[in-house]
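Okay, so here's the structure we're looking at.
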Amino acid sequence: MRLSLALTLIAATVSSGAAFAPQTFVRSSTALQSTVEAPSAADITARLEQQMEKLKAKDSASKTIAKEELNVVYEDDHIVVVNKPSGVLCVPGKEDNAALSKTVFEAYGAEGMENKMVVHRLGMDTSGLVVFARTMDAVRGMNTLFRTRKVNRQYEALLCGHVEADSGSIDLPLMRDYEFPPYMRVSTDDHQRALIDLDPDVVGKKLLEQPKPSTTNYEVVAREELGGQPVTRVSLTSISGRTHQLNVHCAAFGHPIVADSTYGLDGEAAPNGGLTDAELDELIPNASRASAELQKQIADAAGDKTMCVHAKSISFVHPVTKEEVSLSCDASF
């Protein structure tokens, strides 16, 4: 396994001469010393099993949507695009839970099995646009578009605190988190070294995959308040499309997504994207980082809100007609 890893950050800061003007800078992790103790394979598998039971219980609470409740944004003979509400799984999984794909299949049908309609997914807590394929030509075409990253998607989110710069990019590689499996974290040399003696047959191959380069672009839409506490509405673009990328990057940036019960304050995953205070200062310095106290106040103000992230827009070339498809829908928060 490679032990060397380049970590860079391209982030927007504010200069004294140009308020909210984006500025780019690059940092390297080579100065960081290895301080991570190698984990026990038994500990990793025990933590994973425990967490998977929690996730299974959460999935079982997925809401059932009737055909009449579907919010269809676009449909033709080949594809259906639906605005998925938060709290609903895209697919039923092994436990055959309530899921959006079941209702779409019942309402619109498809060539072949129900699961072949699904060409991409949103997390259960994420709302927004989801594309389903109705024909095998559409399945093959949409799969190719996603695989070759020719689908443009933008998300809208509320972040804790006021983000200082108007725009910027977060460029931090991601890896599976062996301390909090099956979640993700920012990859560092230390945490890569900690994996070197682990057996993939015991802990699984996914955990030992090489770190994946990941880039998120953000633009501030508005600086708002939630229950009197500062929050920022942003447009997020995942350039690389990694698992949980937006959540981890926002948490490491110091502005977790409001009501993120996994990567936010006291969440199930590691805080701050898995980075220590020293690593945060080295890799992604941010003077406007939301403090733990502020995050607590925002969490209290959010109450029973679901996670405030929404797949707002999507555009692609239609897999069959070859026409340009560009769709959007507003967030509920």
Conditions (1) buried (at least 17 other Cβ atoms within 10 Å of the Cβ); (2) of a type in the set (Lys, Arg); (3) without any contact (Cβ under 8 Å) to a residue 12 or more places away in the chain; number of the one not met by Arg153: (3)
Residue that is farthest from Pro256 (Cα to Cα) [pool: residues in the range 287-306 that are of a type in the set (A, V, I, L, M) and in contact with a strand residue (DSSP E or B) (Cβ under 9 Å, 6 or more places away or on another chain)]: Ala301
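Kindly indicate the residue of the range 158-215 that is of a type in the set (S, T, N, Q), within 21 Å of the chain's Cα centre (by Cα) and open to solvent by less than 10 Å² (accessible area, probe 1.4 Å) and also farthest from Leu226 (Cα to Cα) among those meeting that condition.
Top of the filtered list is Thr188.
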Verdict on Thr232 being of a type in the set (Val, Ile, Thr) and out of contact with any helix residue (DSSP H, G or I) (no Cβ under 6 Å at 6 or more places or on another chain): yes
Of residues in the range 24-56 being open to solvent by 90 Å² or more (accessible area, probe 1.4 Å) and part of a loop (DSSP other than H, G, I, E, B), the one modelled with the highest pLDDT: Glu37
Pair list, Cβ < 8 Å and 6+ apart or interchain, from the range 209-230 residues that are without any contact (Cβ under 8 Å) to a residue 24 or more places away in the chain and closer than 22 Å to Ser291 by Cα to residues that are of a type in the set (A, V, I, L, M) and part of a strand (DSSP E or B): Glu225/Val231
Positions within the range 119-150 being closer than 27 Å to Lys56 by Cα, out of contact with any Lys or Arg (no Cβ under 9 Å at 6 or more places or on another chain) and crowded, with 23+ Cβ neighbours inside 10 Å, in sequence order: Val131, Phe132
Of the criteria (1) open to solvent by less than 90 Å² (accessible area, probe 1.4 Å); (2) modelled with pLDDT under 95, which one Val73 fails: (2)
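What are the residues in the range 300-325 that are among the aliphatic types (A, V, I, L, M) and farther than 28 Å from Thr232 by Cα, if any? Before the answer, list the steps.
Initial filter on the range 300-325 (among the aliphatic types (A, V, I, L, M)): 301-302, 307, 309, 311, 314, 317, 320, 325.
Correct list: Val317, Val320, Val325.
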Among (1) in contact (Cβ under 8 Å) with a residue 24 or more places away in the chain; (2) open to solvent by 30 Å² or more (accessible area, probe 1.4 Å); (3) under 19 Å from the mean Cα position of the chain (by Cα), the one test that Lys84 misses: (2)
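On the basis of being modelled with pLDDT of 95 or more and surrounded by fewer than 20 Cβ atoms within 10 Å (Cβ to Cβ), does Pro285 make the cut?
In short, yes.
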Yes/no for Leu159 being under 20 Å from Tyr263 (Cα atoms), among the hydrophobic types (A, V, I, L, M, F, W, C) and in contact with a Lys or Arg (Cβ under 6 Å, 6 or more places away or on another chain): no
Enumeration of residues in the range 105-118 that are surrounded by fewer than 18 Cβ atoms within 10 Å (Cβ to Cβ) and closer than 18 Å to Asn143 by Cα: Glu111, Gly112, Met113, Glu114, Asn115
Residue pairs meeting the criteria (Cβ under 6 Å; at least 6 apart or on separate chains; first free of Cβ contacts under 8 Å to residues at least 40 places away in the same chain, in the range 168-195; second open to solvent by less than 10 Å² (accessible area, probe 1.4 Å)): Met175/Ser187
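Taking Gly241 as the residue in question, decide whether it is under 19 Å from the mean Cα position of the chain (by Cα) and either among the basic types (Lys, Arg) or crowded, with 22+ Cβ neighbours inside 10 Å (or both). Break it down into steps so the answer makes sense when it comes.
Working: under 19 Å from the mean Cα position of the chain (by Cα): yes; either among the basic types (Lys, Arg) or crowded, with 22+ Cβ neighbours inside 10 Å (or both): no.
Judged against the criteria, Gly241 is not a match.
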Hey, His318 farther than 26 Å from Ala165 by Cβ and touching a residue at least 60 places away in the same chain (Cβ under 8 Å) or not: yes
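The values are calculated or read from the model by the stated rules, or taken from the named source; none is laboratory data. This one's a predicted model, so the numbers in the text were calculated from it and none came from an experiment. Neighbour counts run over all protein chains shown; Cβ positions are idealised from the backbone, glycine included. Protein only, heavy atoms only, side chains kept; ligands, DNA and RNA dropped before computing areas. Shrake-Rupley method; radii C 1.70, N 1.55, O 1.52, S 1.80 Å.
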